[in-house]
Amino acid sequence: PHSGPVESKNEAAMSELVPEPRQKPVVPMKPMGINANLLGYIGIDTIIEQMRKKTMKTGFDFNIMVVGQSGLGKSTLVNTLFKSQVSRKSSGWNREEKIPKTVEIKAIGHVIEEGGVKMKLTVIDTPGFGDQINNENCWEPIEKYINEQYEKFLKEEVNIARKKRIPDTRVHCCLYFISPTGHSLRPLDLEFMKHLSKVVNIIPVIAKADTMTLEEKTEFKQRVRKELEVNGIEFYPQKEFDEDLEDKTENDKIRQESMPFAVVGSDKEYQVNGKRVLGRKTPWGIIEVENLTHCEFALLRDFVIRTHLQDLKEVTHNIHYETYRAKRLNDNGGLPPMTVETEENHESNL
């Protein structure tokens, strides 16, 4: 009569030793009702709104550089991109105005506001690039300027008492203007992009695309892509910086179809079918800048401003600037060389 409970005890002990294989629950075993009653709405989703408010208060910086021969419509295109006179606009050639003998770099700053969001935009122009008979090493002043901005940022960053918000003058994006020859890239184009693709985000652009037929434009784009690939030139968005499959799919489409953007710029408005449009007037009609069947300006605008502006800034900070910073600190044993001025500041801080 007593054997029953002993057996059941032994069975219980055995079952403890050899547990039955059970599937792991996918979700924590908590009654959903209690969870909802205890916690309710937490409000994690407001973080995005908090970030938005903060950004709207401080505004943000965006620095864009335009490089290419004179007469390719660099200033006009930047003015069209931001729908305001943000770049120097030459009022025709002035006889007294001398053609610059070397590349001069001019940075023009503006504050653009739209929907309560402030953008501190700086347009860096490079007049004189590629205009000489001998254009040997004419990219050097541009490379020097880009590195100087990294140096300026680094010096602010390694200060003992550094600013809460370091002014950002680093070049986030370089629009490189290719002449619409329909043939191939010039050695100067290849040399420039080879040297500078390592230090800045380069976006190649075919200027004045209305000078080519649709067939010529398609062929030229394919030829340019092929030449860049053969010469190992990486333009933005670089393949190795795609973070996930979604990014890769989106960027592959841009790299294989859109690049280089064949664009037409204009800051003149015309009336077309009762609508006011930005365009260029020709004897046979009006070329509408923002019409995708006429040119790829809208694609370039969406790419630079509406989808990839933040990414351009992040790649500049996390890749190009980090590369410069690591090399600079490594060369100097950890810190930039101290000048008399920084030594005095250092002593006063101590």
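Go ahead and run the numbers for FRET between T211 and E114, Cβ-Cβ distance against an R0 of 25 Å, rounding to 0.05.
The calculated FRET efficiency here is 0.20.
If each of V230 and E246 carries a label point 7 Å out from its Cα toward its Cβ, how far apart are those two points in nm?
3.8
Which listed residue (P127, S184, I146) has the Cα farthest towards the positive end of the charge dipole for region 125-197, taking +1 on Lys and Arg C-beta and -1 on Asp and Glu C-beta about the Cα centre?
Positive-end residue among those listed: I146.
Sorting check: for 64-71, 270-277, which peptide has the highest mean count of neighbouring beta carbons within 10 Å, and how do the rest follow?
The densest-packed peptide leads the list: 64-71, 270-277.
Of M212, Y236, L196, which is farthest along the charge dipole of region 169-243 in the positive direction, counting Lys and Arg as +1 and Asp and Glu as -1 at C-beta?
L196
Is the shape of region 137-228 rounded, prolate or oblate, going by the alpha carbon gyration tensor and its root eigenvalues a ≥ b ≥ c, with a/c under 1.5 for rounded and a/b larger than b/c for prolate?
Since a/c reaches 1.5 and a/b is larger than b/c, the shape of region 137-228 is classed as prolate.
For region 257-324, take the convex hull of the Cα atoms, compute a quarter of its surface area, and give me that in nm², please.
Its Cα hull, projected and averaged over all orientations, spans 6.4 nm².
I need the shape label for region 204-337. Rule: rounded when a/c is under 1.5, else prolate if a/b > b/c, else oblate, with a, b, c from the alpha carbon gyration tensor.
prolate
Quick check on packing: order 192-200, 127-135, 323-331 by the mean number of other C-beta atoms within 10 Å, highest mean leading.
My ranking of the peptides, most packed first, is 192-200, 127-135, 323-331.
For a distance above 18 Å, tell me the whole-number percent of Cα pairs in region 104-258 that qualify.
When all Cα pairs of region 104-258 are counted, 68 percent exceed 18 Å.
Y41 to S70: extension gain in nm, 0.36 nm per residue of separation minus the Cα-Cα distance?
Result for the pair: 4.5 nm of gain on full extension.
Which residues does a label at M51 reach in region 311-334, if reach means a backbone N under 17 Å from a point 7 Å past the Cα toward the Cβ?
311-318
Taking the Cβ of V272 as the centre, find all other residues whose Cβ is under 15 Å away and add up their charges (Lys, Arg: +1; Asp, Glu: -1).
Here the charged neighbours net out to +2.
Test of understanding: what is the full-extension gain from N159 to E140, defined as 0.36 nm times their sequence separation minus their Cα-Cα distance?
Here the answer is 4.0 nm.
We did not get these values from a lab; they are worked out from the coordinates using the rules stated. Treat the numbers as computed from the prediction; the structure is a model and nothing was measured. Backbone-built Cβ (ideal geometry, glycine too); neighbour counts: all protein chains shown.
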